[in-house]
Amino acid sequence: MKTEWREFLSDNGAEFDDCDKVISFGNPSREVRAALNGNVFADLSHSGMIAVHGKDAEAFLQGQFSNDVKQLDSHTGQLGSYCNAKGRMIANFRMHRRGDTWYLRLPAELVETLLNKLRMFVLRSDVTLEDAGEAWIRMGSSGPEAAAEVETAIGRPAPRNIDEALEGDAWTVIRLPGIHPRFDIYATLDAARKIWDALNVRSAPVGAPAWDLLSIMAGVPTIMLATSELFVPQMANMQILGGVSFKKGCYPGQEVVARMQYLGKLKRRMYLIHMNTDSAPAPGDEIFTADNKEQSAGRIVNAAAHPDGGYTALGVIQIASAESGSLFLGPTEEIPVEMLELPYAFPAEEEMAED
């Protein structure tokens, strides 16, 4: 995080953890509740960023990622992933293009992993990959009136459609899926200060946990280090969220991903769940059924505290087990898993095979 930006956030009441992640602005529980019902905005500097540029960058990325990179321009963002040869996601990310540079926003803990994997395949291509964690200030805005709030902050109408992007001289704004209108904002330091001050008039600043809950409630997964290489994109609903193109051609794991889509039946998918526990479930934690405590039926993808108590999470779970109605976090049956409704529907024709 830029020193000047951290000082700005601190002057505005931000409280940080040991990794410079904004935890709250003084009242975590109130912030989480406000995020579900009101207009809020958050610093996202704890997420990492990768920049890719060079004459061959577009062709290189097109051959590496699950989505159609050639569809990206200054008016479009997209969700994508990078898979291993078995089709398991090493990382997923939000991606946008600004000029001749492609930017990926993903968890900071996976930046070096993804950079190292991609650099193995650059060879003689004119492609430069670099950690761009300090290139742009990253923020998020959400709420029933978030579009109007963002419009006031940037002086132009906010994007209306999911994955629509708007580019200014010193900022980029991208519409995200959410239970309310929700936006990613990338800005220079000076522009970020002005946008923050404008949002701070009628919206409330919140910490990263509140923003995490909004992403979970939107049904959007974030692959973490603990879940890297566990899930094929369809297991995490990436195809429903527009994070997979089945027309773009080859990329690592493409044959597995395509075979799952067209041949057979999907056995696992991602659900929205809730657990009444005081201990935060971690990415990768196992979910079991009452009749099988030896083999897990699923894993936690992401979890965040809910203002009404307990933790709301996304979990990749065996479909048959999810429909059985008796799931538990861990094998002891002490923490029941409650199934909730995602904000999007599963395709009725989901007849896909799982490797």
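Tabulated data for the structure shown
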read-out: Ranked Asp131, Asp43, criterion: other C-beta atoms within 10 Å, fewest first; value: Asp131, Asp43
read-out: Signed unit charges on C-beta, dipole axis of the chain, positive-most listed residue Gly178, Val220, Val244; value: Val244
read-out: Residues Phe121, Phe231, sorted so that the one with the fewest Cβ neighbours within 10 Å comes first; value: Phe121, Phe231
read-out: Calculated [θ] (222 nm, deg cm²/dmol) that DSSP helices of n ≥ 4 give over the chain, each run adding -39,500 (n - 2.57); value: -6000 deg cm²/dmol
read-out: The chain: most fluctuating residue of Met120, Met139, Met260 per GNM, C-alpha cutoff 10 Å; value: Met120
read-out: Chain lengthening between Ala290 and Asp197 when straightened (0.36 nm per residue, less Cα-Cα); value: 28.4 nm
read-out: The chain: relative contact order in percent, alpha carbon pairs under 8 Å with at least 6 residues between; value: 19 percent
read-out: Unit charges on C-beta of K, R, D, E only; dipole of the chain, Debye; value: 880 debye
read-out: Dipole-positive endmost among Phe16, Ala108, Ala85 within region 1-112 (Cβ charges, Cα centre); value: Ala85
read-out: Theoretical FRET efficiency, 1/(1+(r/R0)^6), r = Cβ-Cβ of Thr3 and Arg124, R0 35 Å, to 0.05; value: 0.40
read-out: Whole-number percent relative contact order across region 225-339, with pairs defined as alpha carbons under 8 Å at least 6 apart; value: 26 percent
read-out: Proximal charge balance of Gln295 [Cβ under 14 Å; K/R count +1, D/E count -1]; value: +1
read-out: Highest-MSF residue in the chain out of Gly26, Gly298, Gly143 [GNM, Cα springs under 10 Å]; value: Gly26
read-out: Burial ordering of Leu123, Leu129, fewest other beta-carbon atoms within 10 Å first; value: Leu123, Leu129
read-out: Zone of Phe346's modelled label, taken as backbone nitrogen in region 303-337 under 12 Å from a point 7 Å along Cα→Cβ; value: 316-325
read-out: Listed residue pairs exceeding 25 Å between alpha carbons, taken from Lys70/Lys117; Lys70/Lys194; Lys2/Lys70; Lys247/Lys267; value: Lys70/Lys194; Lys2/Lys70
read-out: J(HN,Hα) series, region 3-10, from Karplus relation 6.51 cos²θ - 1.76 cosθ + 1.60, nearest Hz, glycine and proline x; value: 4, 5, 6, 4, 5, 4, 5, 4
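Where a number appears in this text, it was derived from the coordinates with a stated rule and is not lab data. These numbers were taken from a predicted model, which means no experiment stands behind them. Cβ coordinates were reconstructed from backbone atoms using ideal geometry, including for glycine residues, and neighbour counts include every protein chain displayed.
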